[in-house]
1. Of the listed pairs 113/285; 160/367; 113/315; 46/160, which have alpha-carbon separations greater than 22 Å here?
2. Could you please tell me the mean projected area of the C-alpha convex hull for segment 8-234, averaged over all directions and given in square nanometres to one decimal?
3. Could you work out [θ]222 nm for the chain from helices alone, using -39500 (n - 2.57) per DSSP H run of at least four and dividing by all its residues? Round to the nearest 500 deg cm²/dmol.
4. Please report the antiparallel percentage of DSSP beta bridges with both residues in segment 8-234, rounded to the nearest 5.
5. 7 Å from Cα along Cα→Cβ at both residue 16 and residue 322: what's the point-to-point distance in nm?
6. Any idea how far apart residue 305 and residue 30 come out in nm if each label point goes 7 Å out from Cα toward Cβ?
7. Can you work out the Karplus-derived ³J(HN,Hα) for every residue in segment 336-352? Use 6.51 cos²θ - 1.76 cosθ + 1.60 with θ = phi - 60°, whole Hz, and x for glycine or proline.
8. Based on other C-beta atoms within 10 Å, arrange 38, 72 from fewest to most.
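What follows is calculated from the coordinates using simple rules that are stated; it is not laboratory data. What you see is a predicted model; the values in this text were computed from it and never measured. Neighbour counts are summed over all protein chains in view; Cβ atoms, including those assigned to glycine, are modelled from backbone coordinates with ideal geometry.
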Amino acid sequence: MPTRVFGERELELLREVLRSGNLSSLGGGTMTSRFEAEFARALGAKHGVAMNAAMSVLHASVAAAGAGAGTEVICDPVCVFGAVATMYHNAVPVFVDIDPYTMNMDPEQIEAKISERTKAIVVTHLWGMPAPIDRIVEIAHRHGLIVIEDCAHALLATYKGKCVGTWGDIGSFSFQMSKQLGLGDGGMGVTNSDELAAALGLHGGAPTFTAVAHGLHWNYRMTEQTAAIGIAQLERAPAIMEELIAIARLYDQAVEGCPWLIPQRGPGDHQSTYHFWAAGFWGDKHGITRADFQRVLAEEGCGLTMGYTGMPAYKHPLLQERWGYPKGCPLDCPRYTGSGNRYPDGLCPVAEDVIPRIVLAYTFSEKEGHERAAEALRRAITRLS
Ligand SMILES: Cc1ncc(COP(=O)(O)O)c(C=O)c1O
């Protein structure tokens with residue numbers, strides 16, 4: 001462990017779906033609403049709204065925040081997903097820099113980026129590590145903004161004893177196959193707000209929400225089969241998270257005392273669930289080049305990856321080449337009057353510096369492999385120190 005286990009429990013629930021003759025909640029299937037309720041309960045949220053992917057949840061969440069042409073949404077600059085969801089609505093992503101050691105959005109820099117056009121903040125709990133979400137929510141709510149927590153990496157991760165995804169207004173989870181709960185594909189929005197649950201339910205969920213729907217909406221429903229596997233996998237999730245945390249510990253121990261390879265830091269009372277174990281490589285400040293580090297890692301047989309995408313989200317061609325809809329939208333939308341749609345070099349200097357330094361271990365694979373990788377990492381550090 002952890003390996004993907006699909007066993008008798010999954011088959012039992014799938015048989016229940018097939019026997020019902022109904023593969024959709026639209027026609028009265030009940031598995032999706034069961035999964036929504038159980039997922040929400042597991043996190044301590046009032047509502048869950050199931051969808052076919054986390055991008056659908058983010059899309060619907062940004063819509064629920066009222067973003068559209070002429071508005072702005074604050075995003076973090078490592079992952080591009082919040083910015084993409086923003087641009088789906090012809091709105092403009094405005095990036096807030098990260099803290100170099102937590103790798104998450106720096107709350108102290110948010111206020112300077114809020115304008116009269118801002119509608120929401122999309123904050124990622126990067127690699128599974130909780131962002132200082134209480135501070136972010138406090139700032140956002142003082143300005144009347146919706147907080148959308150991107151928890152695609154952070155299933156059952158906690159901050160101050162409470163699951164991430166339940167601090168802000170909406171939490172978005174991914175069940176894409178590489179994620180902690182891999183269902184092939186799928187997503188879930190959680191919220192404590194009846195109003196936001198109804199807004200998300202326009203696009204996904206079991207149709208109790210869509211019964212009162214009005215206006216344009218997308219069909220992002222989850223199938224009953226996915227929900228059935230989701231219920232079974234959710235029962236296994238706490239044990240899997242324990243395994244992922246134990247795997248992350250192997251790497252933490254391997255780098256202990258090393259001044260130039262510093263594990264991603266949390267915000268105090270927190271528990272990451274480590275979609276990735278992450279660290280910052282600061283060897284250049286200690287006379288160790290990145291090339292040497294990568295060479296020695298390879299020689300020792302340690303398969304850690306380095307640098308993630310190598311660039312901040314705003315350097316993505318989608319934003320730099322202003323791809324989008326015709327007529328200059330979304331980034332040069334004629335209804336946009338602000339200057340937040342400019343993405344020069346140096347916009348988020350910390351993210352630009354830190355992203356190439358990010359060292360990642362994908363945790364969801366056999367523990368024995370990680371034990372070998374952690375040992376190899378330890379040898380690499382000894383050789384270079
Ligand atoms: C941080 C983050 N947000 C959102 C997504 C989108 O998830 P999905 O593939 O379920 O749409 C991903 C997927 O990799 C992700 O890593």
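1. 113/285; 160/367
2. 11.7
3. Only helices count here, giving -10500 deg cm²/dmol.
4. Taking every DSSP beta bridge within segment 8-234, about 45 percent pair in antiparallel fashion.
5. So the two model labels end up 5.3 nm from each other.
6. So the two model labels end up 4.2 nm from each other.
7. Karplus-based 3J(HN,Hα) across segment 336-352 equals 8, 10, x, 10, x, 8, 9, 10, x, 4, x, 4, 10, x, 5, 4, 4 Hz.
8. In increasing order of surrounding Cβ atoms, one gets 38, 72.
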